[in-house]
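Please read the structure below before turning to the comments.
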Ligand code: HEC
């Protein structure tokens with residue numbers, strides 16, 4: 001989320017980010033201020049810390065201008081910050097997932113988590129506790145067996161009549177693209193040299209490895225990734 005988006009949401013939906021237990025900031029500014037005034041206010045506030053990114057300011061959505069639109073989303077700043085730390089340090093989620101700044105290749109090994117906050121708390125919770133329940137199609141692992149007896153496992157990048165391209169990890173965790181010739185592969189399933197695995201490449205975190213409250217904080221952090 002950009003600083004400008006954060007400021008805008010702090011004004012329009014003060015309940016979303018709370019620095020203290022009970023938010024002091026009154027609701028309802030979006031009903032008092034016009035969308036133009038809200039954007040001016042965000043531009044002014046971001047100029048206090050650094051120079052505002054006007055592209056972000058212009059890109060802000062129009063406020064719903066009604067009180068019903070808060071969609072019950074209440075996040076506490078301390079939980080978000082803790083979740084970010086768990087995500088980046090304790091559980092090293094970013095060793096596979098890109099997030100924040102967009103860059104080429106950030107979704108090679110696993111989907112970028114930018115925008116994933118739109119999916120909601122339940123969906124995110126299941127994705128982490130039980131990743132194999134619903135595996136993103138593009139990222140399913142496949143398995144191939146060569147005539148020499150070597151097994152290759154990885155993400156299927158492309159295939160044609162002659163070749164199969166896999167993205168696989170070596171023992172040290174480095175990613176490599178492997179090109180396998182179809183005629184050197186063993187037929188592993190009826191008429192095909194490619195077996196699709198029904199387990200996600202993402203490890204499932206059980207409640208012994210990740211407590212419910214750690215999971216909640218990670219999900220709170222992920223809920224802020226909405227663009
Ligand atoms: C070993 C690499 C790896 C690690 C580490 C990893 N993930 Fe994943 N994750 C994946 C892959 C691959 C997918 C896509 C396949 C799937 O849907 O299960 C995925 C899917 C997801 C999804 C669903 C996203 C979507 O668009 O479908 C979420 C949310 C997620 N991971 C969160 C996390 C969190 C939080 C952590 C850290 C606790 C984490 N991941 C650690 C590889 C990883």
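The values are calculated or read from the model by the stated rules, or taken from the named source; none is laboratory data. Model, not experiment: these values are computed from the prediction. Here the Cβ positions follow ideal geometry from the backbone for every residue, glycine too, while neighbour counts run over all protein chains shown.
Would you confirm whether or not segment 158-179 contains a residue that is modelled with pLDDT of 90 or more and within 13 Å of the ligand (Cβ to nearest atom)?
Yes: segment 158-179 contains one or more residues that are modelled with pLDDT of 90 or more and within 13 Å of the ligand (Cβ to nearest atom).
What residue, among those in segment 83-112 that are within 10 Å of the ligand (Cβ to nearest atom) and not in a loop (DSSP other than H, G, I, E, B), is farthest from residue 141 (Cα to Cα)?
83
Among (1) within 11 Å of the ligand (Cβ to nearest atom); (2) closer than 29 Å to residue 195 by Cβ; (3) at pLDDT below 95, which single condition is residue 115 missing?
Result: residue 115 passes all but (2).
Kindly provide the set of residues from segment 129-181 that are under 30 Å from residue 217 (Cα atoms) and without any contact (Cβ under 8 Å) to a residue 12 or more places away in the chain, ordered by number.
133, 134, 137, 172, 174
Working only within segment 184-206, note down all residues that are within 13 Å of the ligand (Cβ to nearest atom) and more than 15 Å from the chain's Cα centre (by Cα).
196, 197, 198, 199, 200, 201, 203, 204, 205, 206, listed by residue number.
Residues in segment 129-162 that are closer than 30 Å to residue 211 by Cα and in a strand (DSSP E or B): how many?
Total meeting the criteria: 3.
Going through 148, 216 one at a time, which residue ends up being assigned by TED's automatic domain parsing to the domain that holds residue 81 and farther than 17 Å from residue 97 by Cα?
One residue alone meets the criteria, 216.
Looking only at segment 82-104, which residues are more than 18 Å from residue 202 (Cα to Cα) and out of contact with any helix residue (DSSP H, G or I) (no Cβ under 8 Å at 6 or more places or on another chain)?
85, 100, 101, 102, 103, 104
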